[in-house]
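A short write-up of the structure that comes next.
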Amino acid sequence: MAVIECKNVVLSYENTVVARNLSFTVNEGDFLCIVGENGSGKSTLVKAILGLKSVTGGELTFGDGVTGRQIGYLPQQTTAQKDFPASVFEVVLSGCLSEKKGLFYSKDNKRTAIDNMKKLEIEPLKNRCYRELSGGQQQRVLLARALCAAKKLLLLDEPVAGLDPVVTADFYALIEKINREFGMTVVMVSHDLLYAASHASHILHMRRDGAFFATAEDYRKSDIFGTFKGGA
Ligand code: ADP
Ligand code: MG
């Protein structure tokens, strides 16, 4: 069963269309990379998947039990987030917010937070202050937080923006581990077309006049990839 099914979707703000003819399917276990130039509507599509924005045409449907609450989301980073005055454990635990009953987090919530810190090898940072960490460590913490919420889908919007090449490679390796070893369905917006084409299972390339959706293998043979790669 498809996790996300998108048919001829149109996205707009007021009367301005930012993306049209969006058609693609995300199945369980897929790793979809969304690429395309700035302003092509990638983040807007992410908001539509999260249910924060409605589509103005076409159909966006979700598989059984997939709602905003089942999606772990790592937003594009802002300066405000970098200064968050909380411990690593508190930040990761806040990923369980939608499951919190009453005022306090349950033992289960805390176990989920610890498990995800172990998976991402940040448990030793548990009591450190989030804002004192390096950019790469902070991104791992936010990833662990997103994993606490991700029951069906992990959604990432340009997660490596601002990270150096070594930290970026580590982070990508982690995403692949989450996809392959933990069996999590992943949708990631990325600027890095070459990485996407060689590591994702599917590519959605967004353009003003419509989007191109294909398996990564077919995408690598496409004209659109050839043109882009040539220009890069
Ligand atoms: P991308 O993530 O691919 O860079 P966005 O989805 O952020 O693109 O933006 C797509 C287009 O929509 C851009 O032209 C942008 O200026 C416009 N846009 C984004 N957010 C808003 C908003 N809240 N109100 C009006 N226009 C917006
Ligand atoms: Mg964006």
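Under 18 Å from a label point set 7 Å out along the Cα-to-Cβ vector of GLU28, the amide N atoms of segment 132-161 belong to 150-155. When the charge dipole of the chain is built from unit charges on Cβ atoms (+1 for Lys and Arg, -1 for Asp and Glu) and taken about the Cα centre, the candidate among GLY65, LEU11, MET206 whose Cα reaches farthest toward its positive end is GLY65.
Averaging 1/r across all pairs of distinct Cα atoms in segment 105-232 and inverting the result yields a Kirkwood radius of 16.3 Å. Look at where the Cα atoms of segment 85-127 and of segment 1-76 average out, and the two centres are 28 Å apart.
A cut-off of 5 Å between modelled amide H atoms, ignoring neighbours fewer than 5 places along the same chain, links VAL189 with ILE34, LEU156, ASP157, GLU158. Each of GLN77, LEU193, SER87 was placed along the dipole of the chain (beta-carbon charges, centred on the mean Cα), and the one lying farthest toward the positive end is SER87. In order along segment 166-178, the Karplus-derived 3J(HN,Hα) couplings, from 6.51 cos²θ - 1.76 cosθ + 1.60 at θ = phi - 60°, round to 5, 5, 4, 4, 4, 5, 4, 4, 5, 4, 5, 5, 4 Hz, and Gly and Pro are given as x.
Distances between placed amide hydrogens fall under 5 Å for ILE4 paired with VAL26, GLY63, all partners being 5 or more residues away or on another chain.
Amide H contacts of GLY58: VAL10, each under 5 Å away and 5 or more positions distant or on a separate chain (H built 1.01 Å from N in the peptide plane; Pro and chain starts excluded). The alpha carbons of segment 64-152 give a radius of gyration and a Dmax of 12.6, 40 Å, in that order.
Note down the magnitude of the dipole of the chain about its Cα centre, charges +1 on Lys and Arg C-beta and -1 on Asp and Glu C-beta and zero elsewhere, to the nearest 20 debye.
On the way: 28 positive and 26 negative charges, 123 e Å.
Rounded to the nearest 20 debye, it is 600 debye.
Hydrodynamic radius of segment 1-72 by the Kirkwood approach over all distinct alpha-carbon pairs: 12.7 Å. Spacing of the modelled spin labels on GLN137 and SER12, each 7 Å from Cα toward Cβ, amounts to 4.8 nm. Couplings 3J(HN,Hα) of segment 43-53, computed from phi: 5, 5, 5, 4, 5, 5, 5, 6, x, 8, 8 Hz, in residue order, whole Hz [Karplus 6.51 cos²θ - 1.76 cosθ + 1.60, θ = phi - 60°; x for Gly and Pro].
Sorted from longest to shortest, the spans of the Cα atoms of the chain along the three principal axes equal 49, 38, 33 Å.
Per residue, the convex hull spanned by the Cα atoms of segment 1-131 amounts to 160 cubic angstrom. Ranking of LYS221, LYS7 by solvent-accessible surface, largest first: LYS221, LYS7 (1.4 Å probe, protein heavy atoms only, all chains present).
Mind ranking 141-149, 51-59 by how tightly packed they are, going by the mean number of other C-beta atoms within 10 angstrom, highest first? Present the calculation step by step, with values, prior to reporting the outcome.
Numbers: 141-149: 24.3, 51-59: 13.7.
Going by the mean number of other Cβ atoms within 10 Å, highest first, we get 141-149, 51-59.
Taking a label point 7 Å from the Cα of GLU59 along the Cα→Cβ vector, which residues of segment 16-32 have an amide N closer than 17 Å to it? Taking a point 7 Å out along Cα→Cβ of GLU59, the residues of segment 16-32 whose backbone N falls under 17 Å are 21-27. Its residue count N fixes a reference of 2.2 N^0.38 Å for segment 120-161, and the Cα radius of gyration divided by that reference is 1.20.
The values are calculated or read from the model by the stated rules, or taken from the named source; none is laboratory data. The structure presented is a predicted model; accordingly, all values stated were derived computationally and were not measured. Using ideal geometry, Cβ is built from the backbone for each residue, glycine included, and neighbour counts are taken over all protein chains shown. In case anyone asks, the SASA skips ligands and DNA or RNA and just uses the protein heavy atoms, side chains included. Shrake-Rupley method; radii C 1.70, N 1.55, O 1.52, S 1.80 Å.
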